[in-house]
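Student: Encoded as structure tokens, here's the structure I'll be asking about.
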Amino acid sequence: MKRASFNQLGLPVWLLLPQLVIIGVFFYWPAAHAVRSSFYLEDPFGFGSTFVGWDNYAGLLASAQYVKVAVFTLGFTFLVTFFSLSIALVLAVKADKVIRGTRTYRTLLMWVYAVAPPVAGFLGVMVFYQGNGPMTEFLALFGYEFRLGVNYYDTAAAMVAVATWNHIPVNFIFFLSGLQSIPQSVKEAAMIDNRSGTRRFWDITFPLLAPTAFFLLIINITYALFDTFGMIDALVKGEPGNNPMTLVYKVYVDGFRGNDLGGSSAQSVILMVLVLVLTVFQFRVMDRRIHYT
Amino acid sequence: MVHVALKSISKVYPNGVRAVHPTSFDIQQGEFIVLVGPSGCGKSTLLRMIAGLEEITEGELSIAGRVVNDIDPAERDIAMVFQNYALYPHMTVYNNMAYGLRNRGMAKADIDAAVSTAATMLNLTEFLTRRPSQLSGGQRQRVAMGRAIVRNPALFLFDEPLSNLDAKLRGQMRIEIKALQRRLGVTSVYVTHDQVEAMTMADRIIVLNGGRIEQIGTPAEVYHQPASTFVASFMGAPPMNLLPAHYNGNGRVHLSETIHIEAPVSADYSGQVKLGVRPENVGIVDSSHPDALRFDLEFVEELGAGRLLHGKLGDSGLIVHIPHTDPIPGGEVYVGLPKSALVMFNHETGMRL
């Protein structure tokens, strides 16, 4: 690492200032504000606020609804991460072996990424629509009545499906480039050492993909936790009452629909802590990982 | 005993490019064969077909008496050393060597024994728990060798294994590989574009050009009796001198109107030829010598162990190699082309007459 040294403090501070200002104004100031509001009970119309200490937090942890949403978020994150990673891996492994029309094939697989989450949500609504959604009709063939927005688990399943579908392309691109960075000769050496293609995959290819997979794991967890907001909004819009939602969506519902700014701020603070923990975990593991070069 | 037999093996890629024209040769038990040629001559393709990494378009390949065309690389009883070592980066040196054995269902104790023998042989014992990224180029090369040795295969395949090493290490590994192969007695096919490696390591050299075999022979045969002008100019540094000349079939070769010497062979041919002579076989002679030819010395290249005299014989360029103990000739220089060291090629086909 190259080290530069400055004689005075003035110049480096000046050089850093724009960056510091941006971070300060757009990240720390709102975050600090959220932390502050989380200790107040705010008047819905902004006429005043009362300091309530840890009451907002205590209220959340005591709320059965909050715990339910947290559990759902956990399950949702796990399922979305698992399915989008594993399906993308299968697609990438197959795409890596395509000889003719490689580009077309890959482009087609990546297309879905261009669909923005809220649009994906609307597509989900259409596909699972109670009246004549193709997926609803398909499931009806098996005698299952799929009721989006009415049945809690049906809605949850639709959420998982749409979120997974929307995020497969990102995972696919990373897995594919990971696969292609494995030297051909290593694969060939393995062909001479082991005749079973499946075993070769788990013994050689998969461990070499592990750094990519770990990186994607973090990306996917963050995606499922935070970036699915628009999709969920499209799916449960209007009747969030009994429907499943994630913690991030609940922040919005409580804060803007329920006008409980204090409680909603406390929820954001909890999410901030969660992100912090996740980041620390990521850096710890990444540091310990061996880079195979 | 014939150990590996190639019968009219050819390779045509799906895009229609013919990389290897029908090629046949036999490899004897314990023989060290070097496939040599310029880039794109098909030497690697040929090796990869033997390994099973590349499908054989036509022809029949047998190893140890068994036709292996449709047999998986893992079941051909071969081991291969790759140009960039192709070690498994996430495995220790021990596991790199043991992986192939485990997949063959070998007992743990036997694997231990095989790996530790190979490690001792290759001075790798202290590195067994390291990963490839913690090793130097030469050590990685030895691990790749070890991975091949532990398998105790019927056939070793080497795909330019030394080209990623620096010159000094290359010379050393060349000797180590050759000594190891002698000791283990395993039949080997070695691909290289380096003619020094080919000369020093091979029992027999196969020179390839444009997907065809130019010559098969011992290093001495290939060097002194090249089958074609291609072999003559590919092997040896500097390459063989090829002087354009005319041959009438009357026993004399005419290098020009006035310069003519006795022909090395009496071929039933007349027309344009190329007269080949190795630089070290051209002698500096006295003007009174009966076959003395006038040589216009242009410049001298100092090699330490000898010198290269660049100049002209008539209108054609000639390089003469003289030992460092000989003085640099001054004034009018004359050279002699000893008949026994001359080879004559057909000018059109490039084949030796």
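Values quoted throughout were computed directly from the atomic coordinates according to the rules given, and no laboratory measurement underlies them. Everything quoted here is computed from the prediction, not taken from an experiment. Cβ sites come from the backbone with ideal geometry, for glycine too, and all protein chains shown count toward neighbours.
Student: In the range B:1-100, what is the volume of the convex hull around the alpha carbon atoms, normalised per residue and reported in Å³? Please report the intermediate quantities before stating the final value.
Tutor: On the way: hull volume 13.1 nm³, N = 100.
Dividing the Cα hull volume of the range B:1-100 by its residues yields 131 Å³.
Student: Report the chymotrypsin sites (Phe, Trp or Tyr not before Pro) located in the range A:122-225 that are in a DSSP loop and have at most 10 other Cβ atoms inside 10 Å of their Cβ, or state none. Walk me through the numbers before you get to the answer.
Tutor: Values: sites: A:122, A:128, A:129, A:138, A:142, A:144, A:146, A:152, A:153, A:165, A:172, A:174, A:175, A:201, A:202, A:214, A:215, A:223; in loops: A:128, A:129, A:142, A:144, A:146.
For chymotrypsin sites (Phe, Trp or Tyr not before Pro) across the range A:122-225 that sit outside H, G, I, E and B with at most 10 neighbouring Cβ atoms in 10 Å, the list reads A:142.
Student: With N denoting the number of residues in the protein assembly as shown, provide Rg(C-alpha) divided by 2.2 N^0.38 Å, to two decimal places. Numbers along the way, then the final one.
Tutor: Details: Rg = 37.3 Å, N = 646, 2.2 N^0.38 = 25.7 Å.
Dividing the Cα Rg of the protein assembly as shown by 2.2 N^0.38 Å gives 1.45.
Student: Still on this structure, I have one more. Give the distance, in whole Å, between the Cα centre of the range A:1-78 and the Cα centre of the range B:299-353.
Tutor: Rounded to whole Å, the Cα centres lie 85 Å apart.
Student: Oh, and also: Within 10 Å of each Cβ of A:198-205, how many other protein chain Cβ atoms are there on average?
Tutor: On the way: counts 0, 1, 2, 0, 0, 7, 5, 0.
Other-chain Cβ atoms within 10 Å of each residue's Cβ, averaged: 2.
Student: Please report B:177, B:111, B:259 as a ranked list, fewest other C-beta atoms within 10 angstrom at the top and most at the bottom. Write out the running numbers ahead of the final one.
Tutor: Details: B:177 23, B:111 19, B:259 16.
In order of increasing Cβ crowding within 10 Å: B:259, B:111, B:177.
Student: Looking at the range A:76-148, which trypsin sites (Lys or Arg not before Pro) are in a loop (DSSP not H, G, I, E or B) and have at most 12 other Cβ atoms within 10 Å?
Tutor: On the way: sites: A:94, A:97, A:100, A:103, A:106, A:147; in loops: A:100, A:147.
Answer by residue number: A:100.
Student: For chain B, take the longest principal axis of its alpha carbons; what is the angle in degrees between that and the long axis of helix B:137-150, to the nearest 10 within 0 to 90?
Tutor: It is inclined by approximately 70 degrees.
Student: How big is Rg to Rh over chain A, alpha-carbon atoms, Rh as the Kirkwood inverse-mean-distance radius? Before the final figure, lay out each step's value.
Tutor: Numbers: Rg = 23.6 Å, Rh = 22.5 Å.
Reported Rg/Rh (Cα atoms, Kirkwood Rh): 1.05.
Student: Something else now. So, how do all the Cα-to-Cα distances of the range A:1-152 break down into 5 Å bins, in percent, from 0 on up?
Tutor: Reading upward from the zero bin: 2, 6, 6, 8, 10, 11, 11, 11, 11, 10, 7, 3, 2, 1, 0, 0.
Student: Of all DSSP beta bridges located in chain B, what percent are antiparallel, nearest 5? Don't jump to the answer; show the numbers that get you there.
Tutor: Details: 58 of 76 bridges.
Here the antiparallel bridges make up roughly 75 percent for chain B.
Student: Out of the range B:21-128, which trypsin sites (Lys or Arg not before Pro) are coil in DSSP terms and have no more than 16 other C-beta atoms within 10 Å? Present the calculation step by step, with values, prior to reporting the outcome.
Tutor: Details: sites: B:43, B:48, B:66, B:76, B:102, B:104, B:108; in loops: B:76, B:104.
In loop regions of the range B:21-128 (DSSP not H, G, I, E or B), the sparsely surrounded trypsin sites (Lys or Arg not before Pro) are B:104.
Student: What are the aspartates and glutamates whose alpha-carbon lies under 13 Å from the alpha-carbon of residue B:339, with same-chain residues fewer than 8 places away excluded?
Tutor: B:262, B:291
Student: Helix B:93-103 versus the longest principal axis of chain B: what is the Cα-based angle in degrees, 0 to 90, to the nearest 10?
Tutor: 70 degrees
Student: Taking only Cα atoms, what is the 0 to 90° angle, nearest 10, from helix B:108-121's long axis to the longest principal axis of chain B?
Tutor: 30 degrees
Student: A follow-up question, please. If I model the range A:87-246 as equal point scatterers sitting on the Cα atoms and use the Debye formula, what is log10 I(q)/I(0) at q = 0.13 Å⁻¹?
Tutor: Relative scattering, expressed as log10 I(q)/I(0), comes to -0.74.
Student: Counting just the Cα atoms, what span does chain B cover along each of its three principal axes? Round to the nearest Å and put the largest first.
Tutor: Principal extents (Cα only, largest first): 77, 45, 37 Å.
Student: With runs of 4+ DSSP H residues as the only contributors, calculate the mean residue ellipticity of chain B at 222 nm using -39,500 (n - 2.57) per run, divided by the residue total and rounded to the nearest 500.
Tutor: Working: 8 runs with 85 residues, N = 353.
Calculated from helices alone, the mean residue ellipticity at 222 nm is -7000 deg cm²/dmol.
Student: Given the Cα atoms of the range B:160-284, and with Rh set as the inverse mean 1/r over their pairs in the Kirkwood sense, what is Rg to Rh to two decimals? Kindly include the intermediate steps, with their values, before the conclusion.
Tutor: Working: Rg = 18.2 Å, Rh = 16.8 Å.
My calculation of the ratio gives 1.08.
Student: Residues of the range B:328-353 with amide nitrogen under 12 Å from the 7 Å Cα-to-Cβ point of residue B:265?
Tutor: The answer is B:342-347, B:350-353, whose backbone nitrogens lie closer than 12 Å to the label point.
Student: Then there's this: What is the mean number of Cβ atoms from other protein chains located within 10 Å of the Cβ atom of each residue in peptide B:146-156, rounded to a whole number?
Tutor: Working: counts 0, 3, 2, 0, 0, 2, 0, 1, 0, 0, 0.
Across B:146-156, the average partner-chain Cβ count within 10 Å equals 1.
Student: For the range A:1-61, calculate the relative contact order in percent as a whole number, restricting contacts to Cα pairs under 8 Å that are 6 or more residues apart.
Tutor: Working: 24 pairs, mean separation 11.7, N = 61.
Averaging sequence separation for qualifying contacts and normalising by length gives 19 percent for the range A:1-61.
Student: Separate question: Would you calculate, for chain A, the mean residue ellipticity at 222 nm contributed by helices, counting each DSSP H stretch of 4 or more residues as -39,500 (n - 2.57) and dividing by all residues, to the nearest 500?
Tutor: Computed mean residue ellipticity for chain A: -21500 deg cm²/dmol.
Student: Suppose R0 equals 41 Å; then what is the FRET efficiency for residue A:152 and residue A:52 from their Cβ-Cβ distance, rounded to the nearest 0.05? Can you show the working numbers first?
Tutor: Values: r = 32 Å, r/R0 = 0.78.
Using R0 = 41 Å, I get an efficiency of 0.80.
Student: Could you work out the longest stretch of chain B that avoids the GluC sites (Glu not before Pro) located in DSSP loops with at most 13 other Cβ atoms within 10 Å?
Tutor: After excluding every exposed loop site, the longest remaining stretch is B:56-256.
Student: Taking the Cβ of residue B:165 as the centre, find all other residues whose Cβ is under 10 Å away and add up their charges (Lys, Arg: +1; Asp, Glu: -1). Mind showing how you got there, number by number?
Tutor: On the way: positive: B:140, B:168, B:170, B:174; negative: B:166.
Spelling it out: positives minus negatives among the neighbours equals +3.
Student: If you take every DSSP beta bridge fully contained in the protein assembly as shown, what fraction is antiparallel? Give it as a percent rounded to 5.
Tutor: Working: 61 of 79 bridges.
Of those bridges, close to 75 percent are antiparallel.
Student: To the nearest 20 debye, what charge dipole does the range A:87-246 have about its Cα centre, counting +1 at the Cβ of each Lys and Arg and -1 at the Cβ of each Asp and Glu?
Tutor: Values: 11 positive and 10 negative charges, 139 e Å.
Approximately 660 debye in magnitude.
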